[in-house]
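These notes are about the structure you will find just below.
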Amino acid sequence: MNPYTRRTFCSAVLAGGVLAARQAMAAKEVVLGVQGWSFRRLSLDDAIKGTLQAGLNAMELGWNHVEPAGLSREDMRKWRLTTPVSAYHEIRDKVQGAGIKIVAYSATLRSDFTDEEIVRTFEMAAAFGVNTITTSTNVSMSERLDTFAKKYKMRVGFHNHSRIRPDEFAIPDDFATALRGRSRYMGINLDAGHFWAAGFDPVAYIKKHHSRIWSLHLKDRKKNQGPDFPFGEGDTPLKDILLLLKKGQYGFPAVIEFELKGTDPVAGVKQCADYCKKVLAG
């Protein structure tokens, strides 16, 4: 092989290696996972199996796989305050031992929570090895939660629903009100499907506020409070969202929250994951 050919050959190999590396990086740009609520009818063990069967390796751990069901409000409060932290370490080890990364802990932090319960929720998140709590809470709770977020250096992302009610997260102004004057630990857990169903454009919102979004929930709903559909069958702009995340490389996870009733959740999440992967690979 003459020197010129050798150089050409080596350059081609190097270029091929760079291209392969770039393709590998591109595949990792968007952290795609599942929200634990998707497997709400399953045990934690089955939810772990379902995540893997869906071809995913990231989970936003839900309170439904951590806290016991059916307790009274007082019994739940007692459970939170008396359960040893080691129990949460066991959950972390079980999930991570299966090769699944916990990207956030999804907890309910409503206005009836005592300070002690809030503290324990932050301790739970730390025990799970995450730095982010996503929560369906009240807008009026933002100042109170910020105090604990700063103390524990833990991010809190406010989760929205499509119902537009006082002191609940649904419209852009709710996020703006909650974040005004708050620390860098306070942010957004944007549910794209709910946001769309409530009448707002998640693509435009992500473009403008991506630096304050800690986690994104993916679901496919229809406009005007429409129902959930399998991915690609509703009119939520999921394709545009996924391509924006790929291009923007914002870094926050995008997790599938499957809420379609009457459908096997494992098969449903897998269909959603396959749709997302196809879009991201295109």
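The values are calculated or read from the model by the stated rules, or taken from the named source; none is laboratory data. All values reported here derive from a predicted model rather than from experimental measurement. A quick note on method: Cβ atoms are made from the backbone with ideal geometry, for glycine too, and the neighbour counts reach across all protein chains shown. All accessible areas refer to the heavy atoms of the entire protein, side chains included, with ligands and DNA or RNA removed. Shrake-Rupley method; radii C 1.70, N 1.55, O 1.52, S 1.80 Å.
Here's the yes/no breakdown for (1) on the phi < 0 side of the Ramachandran plot; (2) touching a residue at least 40 places away in the same chain (Cβ under 8 Å); (3) surrounded by 15 or more Cβ atoms within 10 Å (Cβ to Cβ); (4) of a type outside the set (G, A, S):
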{"residue": "G50", "(1), (2), (3), (4)": "yes, yes, yes, no"}
{"residue": "T82", "(1), (2), (3), (4)": "yes, no, no, yes"}
{"residue": "V85", "(1), (2), (3), (4)": "yes, yes, no, yes"}
{"residue": "V95", "(1), (2), (3), (4)": "yes, yes, yes, yes"}
{"residue": "V103", "(1), (2), (3), (4)": "yes, yes, yes, yes"}
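Return the residues of segment 132-164 that are hydrophobic (A, V, I, L, M, F, W, C), under 16 Å from T114 (Cα atoms) and either free of Cβ contacts under 8 Å to residues at least 40 places away in the same chain or open to solvent by 10 Å² or more (accessible area, probe 1.4 Å) (or both); say none if nothing qualifies. Matches in segment 132-164: M141, F148, A149. Entry remark, segment 105-125: residues being more than 15 Å from N64 (Cα to Cα) and open to solvent by 20 Å² or more (accessible area, probe 1.4 Å) number 9 in total. Would you check if there is a residue in segment 123-145 being touching a strand residue (DSSP E or B) at 6+ places or on another chain (Cβ under 8 Å) and among the charged types (D, E, K, R)? Looking for residues that are touching a strand residue (DSSP E or B) at 6+ places or on another chain (Cβ under 8 Å) and among the charged types (D, E, K, R), one finds none in segment 123-145, hence no. Residues of segment 140-157 that are among the hydrophobic types (A, V, I, L, M, F, W, C) and in a helix (DSSP H, G or I): M141, L145, F148, A149. Of all the residues in segment 90-109, those that are part of a strand (DSSP E or B) and not polar (S, T, N, Q) number 6. Among the residues of segment 26-62, just one is of a type outside the set (A, V, I, L, M), in a helix (DSSP H, G or I) and either over 20 Å from G99 (Cα atoms) or at pLDDT below 95 (or both), namely K28.
Out of curiosity, is F175 of a type in the set (A, V, I, L, M, F, W, C), assigned to a helix (DSSP H, G or I) and over 26 Å from E74 (Cβ atoms)? The answer is yes for F175. Every listed requirement among (1) of a type outside the set (S, T, Y); (2) assigned to a helix (DSSP H, G or I); (3) open to solvent by less than 10 Å² (accessible area, probe 1.4 Å) is met by A170 save one, (2).
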